[in-house]
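For reference, the structure is listed below as structure tokens.
What follows is calculated from the coordinates using simple rules that are stated; it is not laboratory data. Given the structure is predicted, the values throughout are model-derived calculations rather than measurements. Reconstructed Cβ throughout: ideal geometry from the backbone, glycine too, with neighbour counts over all protein chains shown.
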Amino acid sequence: MFMRAAHVLVFDSGVGGLSVTAELHKLMPGLKITYVADDEFRPYGNKSEAQLKARLPELLETLAIMLNPDIVIIACNTASTTALHDIRAALTVPVIGVVPAIKPAAKLSKTKSIAVLGTPGTVKRGYVDDLIARFASDCTVNLVGSTKLVNMAEQKLSGGTVNMDTLKHEIDLIFKPHHIDAPNKTKVDVVVLACTHFPLLSAEFKRAAPYKISWVDSGTAIAQRTQRLLERTSGIENNPNPYNIAFLIGPQTCATRRKAFATFGFDSVIALKP
Ligand code: DGL
């Protein structure tokens, strides 16, 4: 039978999806990944539902026709919690969305007090309220939104330094409702990293947290789901040496991003000027 290399399209507003491609590479080193970052419209977290719904289905439909992947991964919690249904309706290939890992976080929590750290958009979405009602009804859930952290992850991957004071300030609210001197049994003990940019700041979060806490994200689960779906698709196999390309939609140059994308296994970075 004719075999061709498995190919996925990973989409995010910026570099956040690289936290997902890292997990895909770990599980499937031979997977061909094409990455698209919508820099032109980033950050998504401060855009309205209507703005995202107007842009994303059509953009993803065009990209899927152009790039012909076996699977599309919306590696963005903001886009997935807002427009997943509409994107799926516009595409003929399977679409995997990345949504906050609230279910595993609630299971993991011993104090039954968890926090969800996402973009301002994600933490407002009804989708997240539904996840909490279905999987974390026994927990106190503290919702914290930040756009600054998205920008900080972008800067870090462009070779900039992370300002730890600003980062500490941004995550402070996670710990606020239960004062850090509160008895251990009521403290937030699990934080959901509900934005794909945030695992890229994991080391900094761990350093900044006032006590030891668990941080969970959806990356590994998405990689496993992708593998299962690809196994069910006939006629494809892993390529021992795939050529991975990242396309950046937007006016800026790619120069500062090349190094980061290379570290994450991308062979070239190309600007798609709108
Ligand atoms: N990486 C994105 C997410 O998972 C979006 C960040 C943004 O553009 O605001 O939500």
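Miscellaneous remarks
- Cα gyration tensor shape of the stretch 198-274, rounded if a/c is under 1.5, else prolate or oblate by comparing a/b with b/c: oblate
- Stretch gain in nm, segment GLN224-LYS110, where the contour uses 0.36 nm per residue and the Cα spacing is subtracted: 38.5 nm
- FRET E, pair SER48, TYR211, Förster distance 30 Å, beta-carbon r, rounded to 0.05: 0.25
- Separation of alpha-carbon centers, the stretch 213-274 and the stretch 128-148, rounded to whole Å: 28
- Distance (nanometres) between label positions extended 7 Å along Cα→Cβ at THR256 and SER137: 4.7
- Candidates ALA22, ALA246, ALA54, ranked by Gaussian network fluctuation over the chain, Cα under 10 Å, top entry: ALA54
- Helix 18-27 axis, angle to the chain major axis (alpha carbon atoms, nearest 10°): 70
- Eligible lysines near LYS26 by straight Cα distance, threshold 21 Å, same-chain separation 8 or greater: LYS259
- Summary of packing: across the peptides 134-145, 89-100, the per-residue average of other C-beta atoms within 10 Å ranks them, highest first, as 89-100, 134-145.
- The C-alpha atoms of the chain define a longest principal axis, and helix 219-232 lies at about 30 degrees to it.
- Computed across the stretch 1-72, the Kirkwood hydrodynamic radius from all distinct Cα-Cα pairs reaches 13.5 Å.
- Using alpha carbons only: equivalent-ellipsoid semi-axes of the stretch 32-170, gyration tensor based, whole Å: 27, 21, 14
- Pairs of Cα atoms nearer than 8 Å and 6+ residues apart set the relative contact order; for the chain it is 27 percent.
- Rg then Dmax, both in Å and based on the Cα atoms of the chain: 18.5, 64.
- Residues ARG228, ARG42, ARG125 arranged by fewest to most Cβ contacts within 10 Å: ARG228, ARG125, ARG42
- Compactness check for the stretch 66-141: Cα Rg over 2.2 N^0.38 Å is 1.26.
- Under 28 Å from LYS47, Cα to Cα: lysines that are on another chain or at least 8 residues apart: LYS103, LYS124, LYS148, LYS156, LYS168, LYS176, LYS273
- Comparing THR256, THR220, THR82 in a Gaussian network model of the chain where C-alpha atoms under 10 Å apart are linked, the largest mean-square fluctuation is found at THR256.
- Using a Gaussian network model of the chain in which every pair of alpha carbons under 10 angstrom is joined by a spring, one finds that among ARG258, ARG88, ARG232 the greatest mean-square fluctuation is at ARG232.
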